[in-house]
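Chemist: Dumping the structure here so I can ask a few things about it.
The values are calculated or read from the model by the stated rules, or taken from the named source; none is laboratory data. All values derive from a computational prediction rather than experimental measurement. For neighbour counting, all protein chains shown are included, and Cβ atoms are generated from backbone atoms with ideal geometry for every residue, glycine included.
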Amino acid sequence: MLTKLEKYRFQAFVAAAFFVCDAGAQAVVSEVRAPSESSIPAGPRGVAIQEGRQLMNETRQRLPKNVGNGLNCSNCHLAGGATAYASPWVGIWGVFPEYRARSGKLISLQERINDCFERSMNGKPLPYTSTEMTNILAYMQWLSTGVPTGVSVTGRGFGAIDQKLKADANHGKQVYADKCASCHGADGSGMKGGEHGYTFPPLWGADSFNDGAGMARTYTAAAFVKHNMPLGQGGTLTDQEAVDVSEFFTHQPRPVYPGKSHDWPLGDKPKDARS
């Protein structure tokens, strides 16, 4: 009889073996490219795609029961999920189910979406069979048009950052003041863009992501910052500046995610994961 930990490890081994064996046959798409607007079909599917896009861009307004802060999905998934190294959704349809170390198992795309609702949005998951979930999936499927199943596009995720760098929060505080505060506020509270959301999202405080979100990890946030910030000037910060400023803002007060105690059940918890 396998113990619970042995069972987890066996599942992880099988999953890892599957993806290693499959990886050799995978091609790589050279760039993240959203399909043309003209390719959105008429009829119910086209309506679902359009509705899904609106949900991603106006999440707080359209899903107030599921969003517990002031964020929209597109605050991190820039340009509606069509920007390389800003966790694009282009191609995401064909790579799930996928093994996720944080969960210690294979997860579906619906589970991954709800992970974001519970962590990045500090909210509640969507029912898998809800109209909203169906529309979000329709939008992601459309964004993945032309990307073969099983292909992971170049630019997926947040990109690379030198994780051997030692983070200096004091220097990061200065980088924040120089490079970030004009948009995100000296107190990290963001810049509101009207009644229903922010032009520039809050980086800490009650309206920001909770400490179970990937963006609450220093090196994950640093990769995003390095490639995308300041907005429109991605790539202008050094790795050290990105790491330092991320160490500063990720460790400011923010909502607590109780479920993070169950993360990485197989071990190998990243050094920047919150506890």
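Chemist: Looking at the range 194-211, can you tell me whether even one residue there is over 21 Å from the mean Cα position of the chain (by Cα) and within 12 Å of Q252 (Cα to Cα)?
Modeler: No, every residue in the range 194-211 fails to be over 21 Å from the mean Cα position of the chain (by Cα) and within 12 Å of Q252 (Cα to Cα).
Chemist: Okay, moving on. Being acidic (D, E) and crowded, with 17+ Cβ neighbours inside 10 Å: is that true of E241 here?
Modeler: Values: acidic (D, E): yes; crowded, with 17+ Cβ neighbours inside 10 Å: yes.
Yes, satisfied.
Chemist: Please find, within the range 191-209, the residue that is surrounded by the fewest Cβ atoms within 10 Å (Cβ to Cβ) out of those that are farther than 19 Å from V243 by Cα and touching a Ser or Thr at 6+ places or on another chain (Cβ under 8 Å).
Modeler: Restricting to residues being farther than 19 Å from V243 by Cα and touching a Ser or Thr at 6+ places or on another chain (Cβ under 8 Å), the top hit is G193.
Chemist: Something else: Which of the residues spanning the range 11-63 are within 17 Å of S144 (Cα to Cα), surrounded by 16 or more Cβ atoms within 10 Å (Cβ to Cβ) and modelled with pLDDT under 95?
Modeler: Of everything in the range 11-63, those that are within 17 Å of S144 (Cα to Cα), surrounded by 16 or more Cβ atoms within 10 Å (Cβ to Cβ) and modelled with pLDDT under 95 turn out to be V29, V32, R33, A34.
Chemist: Among helices (runs of 4 or more DSSP H) lying entirely in the range 24-96, which contain 1 or more residues that are among the aliphatic types (A, V, I, L, M) and in contact with a Gly (Cβ under 7 Å, 6 or more places away or on another chain)? Lay out the reasoning, then the answer.
Modeler: Numbers: elements: 44-57, 59-62, 78-81.
Here the list reads 44-57.
Chemist: Between T149, T154, T145, which is out of contact with any helix residue (DSSP H, G or I) (no Cβ under 9 Å at 6 or more places or on another chain), over 25 Å from K260 (Cβ atoms) and touching a residue at least 24 places away in the same chain (Cβ under 8 Å)?
Modeler: Numbers: T149 fails: out of contact with any helix residue (DSSP H, G or I) (no Cβ under 9 Å at 6 or more places or on another chain); T145 fails: out of contact with any helix residue (DSSP H, G or I) (no Cβ under 9 Å at 6 or more places or on another chain).
None of the other options fit; the residue is T154.
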